[in-house]
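Below: the structure, in structure tokens.
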Amino acid sequence: MTLALSYAMLRTQATIEQTERNSSHRATARQAAMTGMSVALRTINEPTWGGVDTGLSGSLGDGSTYAVSFETGDASLAVSDPDYSEYPYRLTINAIGSVVDPANPQIQSTHRIRSVVQLVRRKLSDAPSNWSTIKPYTVYQWGTGSGREVDIEFPVRINGPVYFQNRINYLSDYPNDGDEKPFDGSIDEVMVLGASASSMVVEAIQAGTLTLQTLVAIPAANAVAWWRFNEANGSTIAVDALGNYNGRYEGSAAGGTPGPTQGGSGSAVFDGYDDHIDVGPVNVSGSAMTILAWIKADDFDSSEGRILSKATGSNDSDHYWMLSTIDVSGRKRLRFRLKTDIGGTDVLQASTGDLTTNTWTFVAAVYDGVTMRLYKDGQLVGWRFKFGSIATSSSVRASIGNNPSGSPRARLLRDLEAMRVAGQGDFRPMAGPISAPLSLTLDHDRRLLEVDSNVPLNDVVIGGGTSPVTHPGDVTSYRLYPGGKSYAPTQLNSSISNVSLAPNPVTNPLGLVKRQSQLVLNNNVTIQGTVLVYDSGSSGRIELRGTGIKVAPVSLPSLYGDSTIYQLPSIIARDDVEVYSGSSSSLSGLVMAWDDLQCFQGKQSTALSVTGQLIAGELEIEARDEWDQSSSWWDSRHKEFLAQLGGSSPNPYFPTWLQTNHALDYQPKLTIQPDPSSVSYHWHDWSKPLFEAHPDDGGLRWDLLEWQDGN
């Protein structure tokens, strides 16, 4: 009995001692785990951290050890969790502390501590040094030289500031400029009489001894029309002082300096490109007429600048009557055309009386039933025989400063601007401002942009024609932060349809997809992320051929203390981004094409919406089939439009008239506009981590989200 009691007491004592040792070991193991976790949290904040693939371990002086492992993500986040997109920016740290009983190596105590931290994003990778100069523009076109011009056909809408490094071809395919024969300079006091003024009358007008007011009061003068151009600058109506044929300023402007002898308070000014004053179907019946005017030419770049013309075209036979300038072997003279019922249209060119620039000159064309005569400053400078009654037409219009009926192209652009001013929407091809080397663009196109479309132009130096950034080539992997997990982009087939691709926070958080050489997007393709098309050479294009195509970027998680929304490019194409007829695409974010964004000629229903920024070597918006008509078609439609303006219920705007009568939709389906939200596009070097340590920090910074103590 005594022996058994002693043995039991010994066993109890041993158990107590073992329990105490185990408790001590567990405490030591926990302390080792705490030490390991402390080392891990310190290490991930240091620039020398080896990353998620590198564990930590250590041996402590009391025989305990620790081992630390890192794992990207957070197992507690479910797909439905609102923070699931933060998965790749979280790091799970497991620290295991261990101690071996020295009395019995078979006995080991362990303790596990688990923590979850989230990257504090303080800095994005550095963008190229010139990136800030590119960001302000909706479109940045950088290619120079032949074949890389900017081609803009209607209808299209580019909203916001643009930067072009090449010539701008502005609506060069259609509408045409009509039978333009523009006068460049000022015209004043244009009078038409249904009688022939004698040489004595012409001389008296030149000398100032006979005023025009006195002349029109003489019944025998049979005054038909008298345009004085005394309206204020900005007026739209050129008043006929006789009340018969009020005209409309079409690009031309009132408010010029008046003629010195008979001028009133102003004159009409013409730019020498497409300006004119439409005065309607002026008719002179009988076998006598006189045209009087004062002119001051700025230049004679147009060799046949019209002063007053009633015509259906530019050929001799198209004219009813006309007074113009003409180049005769390098000399600038006057010319008179007249159609009668005998002999049709005949032409008289002045044999003397050279015209000069920057000088007010009194000019007159007279027909008396027997002769055609031309006068310069009261002196006869040419004559010829001509017989018959003057041809008339109630449908053929007359114009001052150009051939009727002016330019359909200019009329379309002016009316688009008028619609904008009237609050009926802004459908101009571009809103601007445009920054470009203006010397590369034709003067006429600059005039159409700056005056007719009211687009501000800023002159910049001609660049070198090199891409502002470097194409990344084939991206095989990427990282979100130094030491972070390496992700592989998704490889695409050459032609895809009926697919929807989005970022996967676990396997491809930036949604980077790629294709070598060529990628064709057919019907119903939705991609959120970055589409990269690359090649070793200059190939690597994206073809938008289907409908229901949507490409949008990923919005990056915000930087600490910064509410700016940052996005990576949505499209990076080594060559072209090509838009095919009948396709329908919506591209959001930054679209980058190393060669060309090209909308091929096609149906006006073809739709492309770029909401964000376009950077391209070349920009080509080609013709819409329904609009691409012949010059004669456009001339006829323009004349029909002008004729209906005199009706009881006119359509005042050429674009809306074209839509109503010929189904030409002026509301563009091809649009490029900035993102209305405050998005900042980031150009990233994919060989580097997306987020970097802030210079003030030295290393990465992390927020502790979760701490679990114990196995």
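The values are calculated or read from the model by the stated rules, or taken from the named source; none is laboratory data. All values reported here derive from a predicted model rather than from experimental measurement. All Cβ positions, even for glycine, are placed from backbone atoms using ideal geometry, and neighbour counts span all protein chains on display.
Side notes on the structure shown:
- Residues (in a strand (DSSP E or B) and either within 33 Å of the chain's Cα centre (by Cα) or among the aromatic types (F, W, Y) (or both)) located in the stretch 466-488: Y478, Y487
- Checked against (1) at pLDDT below 95; (2) at positive phi; (3) buried (at least 23 other Cβ atoms within 10 Å of the Cβ), G401 passes all but condition (1).
- In the stretch 456-465, residue farthest from the chain's Cα centre (by Cα) [restricted to those that are surrounded by 13 or more Cβ atoms within 10 Å (Cβ to Cβ) and at pLDDT 90 or above]: V460
- Scope the stretch 58-90; condition touching a residue at least 12 places away in the same chain (Cβ under 8 Å) and within 20 Å of R26 (Cα to Cα); matching residues: G58, L60, D62, G63, S64, T65, Y66, A67, V68
- Unique residue being out of contact with any strand residue (DSSP E or B) (no Cβ under 6 Å at 6 or more places or on another chain) and either farther than 20 Å from E71 by Cβ or modelled with pLDDT under 95 (or both) when the list is P155, P88: P155
- Here V328, V381, V370 are screened, and the one residue that is aliphatic (A, V, I, L, M), modelled with pLDDT under 95 and more than 25 Å from F229 (Cα to Cα) is V328.
- Among the residues listed as L449, L480, L416, L412, the single one being of a type outside the set (S, T, N, Q) and within 22 Å of A616 (Cβ to Cβ): L449
- Considering residues of the stretch 689-711 that are loosely packed, with under 13 Cβ neighbours inside 10 Å and part of a loop (DSSP other than H, G, I, E, B) only, the residue modelled with the lowest pLDDT: N711
- Check on A223, under 20 Å from T290 (Cβ atoms), more than 39 Å from the chain's Cα centre (by Cα) and of a type outside the set (K, R): yes
- Subset of the stretch 221-269 [closer than 18 Å to D452 by Cα, surrounded by fewer than 22 Cβ atoms within 10 Å (Cβ to Cβ) and charged (D, E, K, R)]: R248
- Taking the criterion of being out of contact with any Phe, Trp or Tyr (no Cβ under 6 Å at 6 or more places or on another chain) and either buried (at least 19 other Cβ atoms within 10 Å of the Cβ) or β-branched (V, I, T) (or both), the residues of the stretch 326-341 that qualify are I326, V328, R333, L334, R335, F336, R337, T340.
- The residue that is surrounded by the most Cβ atoms within 10 Å (Cβ to Cβ), among those in the stretch 565-601 that are aromatic (F, W, Y) and out of contact with any Lys or Arg (no Cβ under 6 Å at 6 or more places or on another chain), is Y566.
- Strands (runs of 3 or more DSSP E) completely within the stretch 52-110 that count 2 or more residues being closer than 21 Å to E706 by Cα: 64-72, 90-100
- Selection status of T660, among the β-branched types (V, I, T) and in contact with a Gly (Cβ under 8 Å, 6 or more places away or on another chain): no
- Residue in the stretch 654-662 that is of a type in the set (V, I, T) and surrounded by fewer than 14 Cβ atoms within 10 Å (Cβ to Cβ) present: yes
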